[in-house]
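The values are calculated or read from the model by the stated rules, or taken from the named source; none is laboratory data. Everything numeric here is computed off the predicted structure, so don't read it as measured data. All Cβ positions, even for glycine, are placed from backbone atoms using ideal geometry, and neighbour counts span all protein chains on display. Side chains included, ligands, DNA and RNA excluded: accessible areas come from the protein's heavy atoms. Shrake-Rupley method; radii C 1.70, N 1.55, O 1.52, S 1.80 Å.
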Amino acid sequence: MDPRTVSGQLSAWFSHRPSWFPDVLLALFVTVIQVQSAAIAVPLEPVSNPVSGIGYALLIVSGVAVAARRRHPVLVFLVTAVASLVYFGFDFPDRLSYLGLFVALYTLAAYGDGRRSLMIAGGGITVLAVGWLIAGADVEPSTAIGWVFFRIGASVISTTLGENVRSRRVIAADAQERAELAERSRDEEARARVDAERLRIAREVHDTVAHAIAIINVQAGVTAHVLDKRPEQAREALRTIEQTSSRALHEMRAILGVLRDGDEREPYPGLDQIQELTSKARDAGLEIEIEQAPPVTPLPSAVGSAAYRIVQESITNVIRHVGPTRVTVALEPGIDALRIRVIDEGRRTPTASPARTGSAATGRGITGMRERCRLLGGELDAGARPGGGFEVNAHLPLAPMGSRL
């Protein structure tokens, strides 16, 4: 057979070997070492009885038990400890007879459950130490008592090494868990940002389309009414419809540009475009008065964009639910906040336009405006006025929420 084939088969077998295979090899190694060392004298060892059949049997039992060390660490420790006590009780020589015990102590600490395993190991070492000291009380020469203390010290060291390995394994597992948790947190944060971006885009689309459709609807009604009698006015209404639809498409392209690859994105509308917004509303039949004070400090782009959308949605609601009326838009920028008030006087005649329903105050438009305010840490209040009409009040802080904490 080709040596390379044999080597490949052996490599494949070792890579897929059973989990118990290393422990069986270790058990055979420990058994052979313990049995072989029993027949080899060691210098300066205490005077002892020659190893008999019982001694060899105890060495074999304690060595073979190592094969089950990871599946039954406590049982293996008990077997090797009892074998050690009986072995030294017969006054057999030390040599390497305790190798299986040291492996069992190491395994008990390394693969146990922490505190409970250490308590078992500590109690077992205490019992072993007492038994070994009693068995070695009349050791000759007296200086050979050091072998007993060597067993005790080596037992403690084996347990300490096992606990060190277990602690490192626990620390590594905790680090891995924290890394996985951090990765999940990053994924959840990324999903939350995606959801927030989708909500923002949906809100922008709603505001843009709703405002444009409201103006187009009013102008289309005017066109149909005056087409035969006043063609010039009808032509002007059609021109307004064209400009409004063109503007809406332009804003839609700017909003949806965030979904495309590329760095060239148009800025979102802000307070500098309020005049253009109100001029379109005047074409729809509204009498709009703008009360705008110069800003005390430069307005953040997010605040300016939110203010524009709030005014736009408020005017759209007036066009939809009231019709031609007088509207006052007040923009009052302060040192730390921007206040917005949009007030309409209500319907002028009962048939001038469809009646305003509760949806005006509770529908998606008002909800969207309120969400915009909350995202910036502000507040919005909207409701009917006691003397008639409707009023929207918004308060937008100029500083981000995090900087005010």
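Taken together, the residues in segment 99-146 that are crowded, with 17+ Cβ neighbours inside 10 Å and not in a helix (DSSP H, G or I) amount to 3.
Taking the stated definitions as given, is residue 144 farther than 30 Å from residue 314 by Cβ and modelled with pLDDT of 85 or more? Judged against the criteria, residue 144 is not a match.
Can you say whether residue 38 is open to solvent by less than 30 Å² (accessible area, probe 1.4 Å), under 15 Å from residue 162 (Cβ atoms) and touching a residue at least 40 places away in the same chain (Cβ under 8 Å), as far as the supplied structure shows? It is false that residue 38 is open to solvent by less than 30 Å² (accessible area, probe 1.4 Å), under 15 Å from residue 162 (Cβ atoms) and touching a residue at least 40 places away in the same chain (Cβ under 8 Å). Restricting attention to segment 187-202, does a residue exist that is modelled with pLDDT under 70, among the aliphatic types (A, V, I, L, M) and open to solvent by 80 Å² or more (accessible area, probe 1.4 Å)? Checked against the condition, which is being modelled with pLDDT under 70, among the aliphatic types (A, V, I, L, M) and open to solvent by 80 Å² or more (accessible area, probe 1.4 Å), segment 187-202 yields no hits at all. Residue 30 meets all of the listed conditions (1) touching a residue at least 60 places away in the same chain (Cβ under 8 Å); (2) open to solvent by 80 Å² or more (accessible area, probe 1.4 Å) but one, namely (2).
When segment 255-297 is filtered for residues that are assigned to a helix (DSSP H, G or I), modelled with pLDDT under 75 and either loosely packed, with under 12 Cβ neighbours inside 10 Å or in contact with a helix residue (DSSP H, G or I) (Cβ under 9 Å, 6 or more places away or on another chain) (or both), the ones remaining, listed by number, are 255, 256, 258, 259. I'd like the full set of residues that are within 37 Å of the chain's Cα centre (by Cα), open to solvent by 10 Å² or more (accessible area, probe 1.4 Å) and among the charged types (D, E, K, R), limited to segment 298-338. Answer for segment 298-338, where residues must be within 37 Å of the chain's Cα centre (by Cα), open to solvent by 10 Å² or more (accessible area, probe 1.4 Å) and among the charged types (D, E, K, R): just 336. Among the conditions (1) open to solvent by less than 30 Å² (accessible area, probe 1.4 Å); (2) more than 14 Å from residue 162 (Cα to Cα), residue 90 misses just one, which is (1). Would you mind stating whether residue 400 is modelled with pLDDT under 90, under 17 Å from residue 317 (Cα atoms) and not charged (D, E, K, R)? In short, no. Scanning segment 333-349 for residues being of a type in the set (S, T, N, Q) and under 18 Å from residue 386 (Cβ atoms) gives a total of 0. Filtering segment 54-70 for residues that are exposed (fewer than 14 other Cβ atoms within 10 Å of the Cβ) and in contact with an Asp or Glu (Cβ under 9 Å, 6 or more places away or on another chain) leaves an empty set. Whenever a residue of segment 139-163 is over 16 Å from residue 88 (Cβ atoms), its partners that are among the polar types (S, T, N, Q) and in a helix (DSSP H, G or I), lying with C-beta atoms within less than 8 angstrom and at least six residues away or across chains, give the pairs 162/107. Applying the set (1) at pLDDT below 90; (2) within 24 Å of residue 27 (Cα to Cα); (3) not small (Gly, Ala, Ser) to residue 133 leaves exactly one unmet item: (2).
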